[in-house]
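The values are calculated or read from the model by the stated rules, or taken from the named source; none is laboratory data. These numbers were taken from a predicted model, which means no experiment stands behind them. Note that we place each Cβ from the backbone using ideal geometry, even for glycine, and neighbour counts take in every protein chain shown. Calculation scope for accessible area: heavy atoms of the full protein, side chains included, ligands and nucleic acids excluded. Shrake-Rupley method; radii C 1.70, N 1.55, O 1.52, S 1.80 Å.
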Amino acid sequence: MAAGAVRVRGERRLAASRWVAEVTQRVLLHPLPARAGPFGVASLYLAADEEAAVGGDLYALTRSGHTTRVLIGDVQGKGLASLEIVGCVLNGFRWTARHDIPLLETAGEIEAAFRQEVREQSAGTGPRDGPADRFTAESFVTAVVVELADDGRMRLVNLGHPPPLLLHRGTVTALGPTVPAPPLGLGDLNADGPVVDTAAMPPGSTLLLYTDGVTEARDGAGAFYPLAERVRRWTEKEPEALLSTLHADLRRYSGARLEDDVAMVALRRPGVVGPGEH
């Protein structure tokens, strides 16, 4: 009976911990809308730390006028220790959206907010009884910020993150940066700063953003998940169906065990466009 009571108390504590973690995750990662202007939207988050149900990957979406902005990022590390930095980056992104900060300056503002957070935590001015005390001045976040106009024009700033994939009619195009830039927190390694790249999103195409937990998932033989190759079969799927299919395929490939957090966001431009759009 004593052993049973101890076990029941442990199970209750674990259930409470998971509930708190899930609520925290929902607060930080606001559910993305099903639509943003003309674009269909879907998102997926999977934490490698299944006990915590949270991790260091992040995403956000804002809408202003005829423009949609999307952020996806990956904090160094995973689990509860990353929550402080996740919140900092998301708040910085949303602040720039509310104040209509230009895209390139958005990256600089998020970088500044991130550096300030790390400085405070490293100096001991932040809370020391939580997970943030594991961050140091060497912490960093890879990220991509994408600005989508309703007519399909696209602008991207990539800060050391895996390139988004443009899916269209059975083809997959990686939208890598023309000039590589370091992640957030390491911006002083690049004297020239990040650049804004441009691309076009044709009608009927899908933009897939993801973190390296997807491409670094391994099968039993140690081979990485071939995302671009696999997704070529599903370029015509709607965002929700695409991410659901990718999730199931990734689980099968990796034997249902993820070694890193996974985040994905898909945006699809409708195949029929209005007057004046391309």
Practice task
Output the qualifying pairs, or none if there are none: Cβ atoms under 7 angstrom, residues six or more apart or on different chains, first residue in region 217-240 and of a type in the set (Ser, Thr, Tyr), second residue open to solvent by 100 Å² or more (accessible area, probe 1.4 Å).
Solution key: Thr235/Arg169
Fill in the blank from the handout: Per the filter on region 63-112, residues over 19 Å from Pro182 (Cα atoms), without any contact (Cβ under 8 Å) to a residue 24 or more places away in the chain, open to solvent by less than 30 Å² (accessible area, probe 1.4 Å) and outside any loop (DSSP other than H, G, I, E, B) are Thr96
Fill in the blank from the handout: Picked from region 45-62 (must be within 12 Å of the chain's Cα centre (by Cα) and surrounded by fewer than 22 Cβ atoms within 10 Å (Cβ to Cβ)), the residue modelled with the lowest pLDDT is Leu46
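Yes/no matrix, rows are residues, columns are (1) assigned to a loop (DSSP other than H, G, I, E, B); (2) more than 18 Å from the chain's Cα centre (by Cα):
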residue	(1), (2)
Gly222	yes, yes
Leu243	no, no
Arg251	no, yes
Ala266	no, no
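Of Arg233, Arg169, Arg257, Arg268, which residue is at pLDDT below 95 and among the charged types (D, E, K, R)? Break it down into steps so the answer makes sense when it comes.
Values: Arg233 fails: at pLDDT below 95; Arg169 fails: at pLDDT below 95; Arg268 fails: at pLDDT below 95.
Just one listed residue meets the conditions, Arg257.
Please work out if Arg18 is modelled with pLDDT under 60, within 26 Å of Glu238 (Cα to Cα), open to solvent by 40 Å² or more (accessible area, probe 1.4 Å) and part of a helix (DSSP H, G or I). Can you show your working first?
On the way: modelled with pLDDT under 60: yes; within 26 Å of Glu238 (Cα to Cα): no; open to solvent by 40 Å² or more (accessible area, probe 1.4 Å): yes; part of a helix (DSSP H, G or I): yes.
It is false that Arg18 is modelled with pLDDT under 60, within 26 Å of Glu238 (Cα to Cα), open to solvent by 40 Å² or more (accessible area, probe 1.4 Å) and part of a helix (DSSP H, G or I).
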Problem - Scan of region 204-237 for residues that are surrounded by fewer than 16 Cβ atoms within 10 Å (Cβ to Cβ) and in contact with a Gly (Cβ under 7 Å, 6 or more places away or on another chain), ordered by number - result: Gly220, Arg232
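Return yes or no: is Ala248 more than 30 Å from Gly108 (Cβ to Cβ), open to solvent by 60 Å² or more (accessible area, probe 1.4 Å) and without any contact (Cβ under 8 Å) to a residue 40 or more places away in the chain? Let's see the steps before the verdict.
Working: more than 30 Å from Gly108 (Cβ to Cβ): yes; open to solvent by 60 Å² or more (accessible area, probe 1.4 Å): no; without any contact (Cβ under 8 Å) to a residue 40 or more places away in the chain: yes.
No.
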Handout entry: Output for region 173-193, where each listed residue is over 13 Å from His161 (Cβ atoms), among the aliphatic types (A, V, I, L, M) and either in a loop (DSSP other than H, G, I, E, B) or in contact with a Ser or Thr (Cβ under 9 Å, 6 or more places away or on another chain) (or both)
Key = Val179, Ala191
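For region 122-129, indicate whether the set of residues that are modelled with pLDDT under 90 and either outside any loop (DSSP other than H, G, I, E, B) or under 23 Å from Lys237 (Cβ atoms) (or both) is non-empty. Give the derivation first.
At the first step, the residues of region 122-129 found to be modelled with pLDDT under 90 are 122-129.
Those left that are additionally either outside any loop (DSSP other than H, G, I, E, B) or under 23 Å from Lys237 (Cβ atoms) (or both): 122-123.
Yes, region 122-129 contains at least one residue that is modelled with pLDDT under 90 and either outside any loop (DSSP other than H, G, I, E, B) or under 23 Å from Lys237 (Cβ atoms) (or both).
Tally up the residues in region 199-216 that are closer than 18 Å to Gly271 by Cα and either small (Gly, Ala, Ser) or in contact (Cβ under 8 Å) with a residue 60 or more places away in the chain (or both), please.
First pass over region 199-216, keeping only residues closer than 18 Å to Gly271 by Cα: 199-208.
If we keep only those that are either small (Gly, Ala, Ser) or in contact (Cβ under 8 Å) with a residue 60 or more places away in the chain (or both) too, we end up with 199-207.
Residues that pass the stated criteria total 9.
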